[in-house]
Structure formats: C-alpha cells, structure tokens
Amino acid sequence: MSVQYLVSPMGVLRLWAREGKLRQIEPVPAAEQDFPDAVTEQAASELQEYFAGKRTEFTVAALPYGSAFQQRVWSALSRVPYGRVVTYGALAAAIGQPSACRAVASAVGKNPLLILIPCHRVVAAAGLGGFSAGLEAKRTLLALEGVQIVEKTPFSEKFFFTFP
C-alpha cells in the first residue's frame, strides 16, 4: 500500500494505491507522511498537470472499489469529457435505468476517485447539485475546465454532454 499527499486548488488530497492501481483520491484536512510508489507519483503528476490546465484526460492505472451498479455508473461517468456536464437523470438513462436517479446520485457520491472519475461534472437539472468534497471544490473544478456557473440557474446547453 502506498500513500501520497498533494496540495491542490481544492485543498489537500490523499492518493492511495494498492497492488499497482490507484484506489482512492480523497480530500483530507492536512498532509501526513508520504509513502509513495510509482502509481501515486504518476497520479500526483497527472493531477498537477490537470490543475495547471495542461491535462484533460488521465492515464494512471486505477481500480475503484464498488458494487456492480456503482461500477456501471462510474464507467458511464468516465465518458463525460473535460469541460462538459451531465445531469443525474441523463447519467441514469445512459446506464439503462432512467428511473434510478437517486441510486445514481448515491453512486456518484461514493466515487472513490475524485477528479479521475469526474463526479464534479454531474449537475442537477436546475443547477449545481452536490459534491462529496463540497460545493466550493466543485465550483473550482468546473471553473478550471471552463464551465460557466451561474448560481441557482440551469447550465447553458453548450456545456451539456449527450451520451451517444
């Protein structure tokens, strides 16, 4: 098991890897001692490039833990490109369960790989929605990707991603 901490625009992030795969990215109050390996170092490097506006996709080997349903949601969510957003309803429809919006929202909230699996790109039909790392972090990430946020109003259609 390896652990590395990264200071980011959304605060300190703990990167955790096991068996050669990144398993978790989570905000923490403060950095502790690093025990990095090649995976956490690559993840930290790629995240730094993302925060600097130089990376839009990630290549680090990752394997999130979750149920089969959560894996389906996260897989669909991973298809939402940089600078675009999708609603919980559209994500539910993309996995073939259009009436499962609440279950989809729960799976999005349990995403262990913040940013890599871009749960910050999921929004409510009428506005920003929630985010497990806090709304200020969500605003920061969306703004970094060029998504214009007008509080308490729906997003402009030009930012919405439509699943093929």
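The values are calculated or read from the model by the stated rules, or taken from the named source; none is laboratory data. Given the structure is predicted, the values throughout are model-derived calculations rather than measurements. So basically every Cβ, Gly included, is an ideal-geometry build from the backbone, and we count neighbours across all protein chains shown.
Annotations
- Applying the condition of being part of a helix (DSSP H, G or I) and hydrophobic (A, V, I, L, M, F, W, C) to segment 40-54 and asking which residue is surrounded by the fewest Cβ atoms within 10 Å (Cβ to Cβ) yields 51.
- Among residues of segment 129-155 that are on the phi < 0 side of the Ramachandran plot, none has a Cβ under 6 angstrom from a residue that is among the basic types (Lys, Arg) and assigned to a loop (DSSP other than H, G, I, E, B) at a sequence gap of 6+ or on a separate chain.
- For segment 17-52, filtering for residues that are farther than 24 Å from residue 135 by Cβ and aromatic (Phe, Trp, Tyr) leaves 1.
- Candidates in segment 139-157 are the residues that are β-branched (Val, Ile, Thr) and surrounded by 13 or more Cβ atoms within 10 Å (Cβ to Cβ); of these, the one that is nearest to residue 24 (Cα to Cα) is 140.
- The single condition among (1) surrounded by fewer than 19 Cβ atoms within 10 Å (Cβ to Cβ); (2) in the same structural domain as residue 122 (by TED's automatic domain parsing); (3) in contact (Cβ under 8 Å) with a residue 12 or more places away in the chain that residue 30 does not satisfy is (2).
- Residue selected from segment 94-108 under the condition over 16 Å from residue 121 (Cα atoms) and buried (at least 18 other Cβ atoms within 10 Å of the Cβ), by the criterion farthest from the chain's Cα centre (by Cα): 100
- Enumeration of residues in segment 109-138 that are among the basic types (Lys, Arg), buried (at least 18 other Cβ atoms within 10 Å of the Cβ) and out of contact with any strand residue (DSSP E or B) (no Cβ under 6 Å at 6 or more places or on another chain): 138
- Set side by side, the residues 11, 20 differ, and just one is more than 22 Å from residue 136 (Cα to Cα), in contact (Cβ under 8 Å) with a residue 40 or more places away in the chain and surrounded by fewer than 19 Cβ atoms within 10 Å (Cβ to Cβ), which is 20.
- Any hit, segment 88-108, residues being within 20 Å of residue 132 (Cα to Cα) and outside any helix (DSSP H, G or I): yes
- A single member of 17, 76 is part of a strand (DSSP E or B), out of contact with any Cys (no Cβ under 8 Å at 6 or more places or on another chain) and either on the phi < 0 side of the Ramachandran plot or aliphatic (A, V, I, L, M) (or both), and it is 17.
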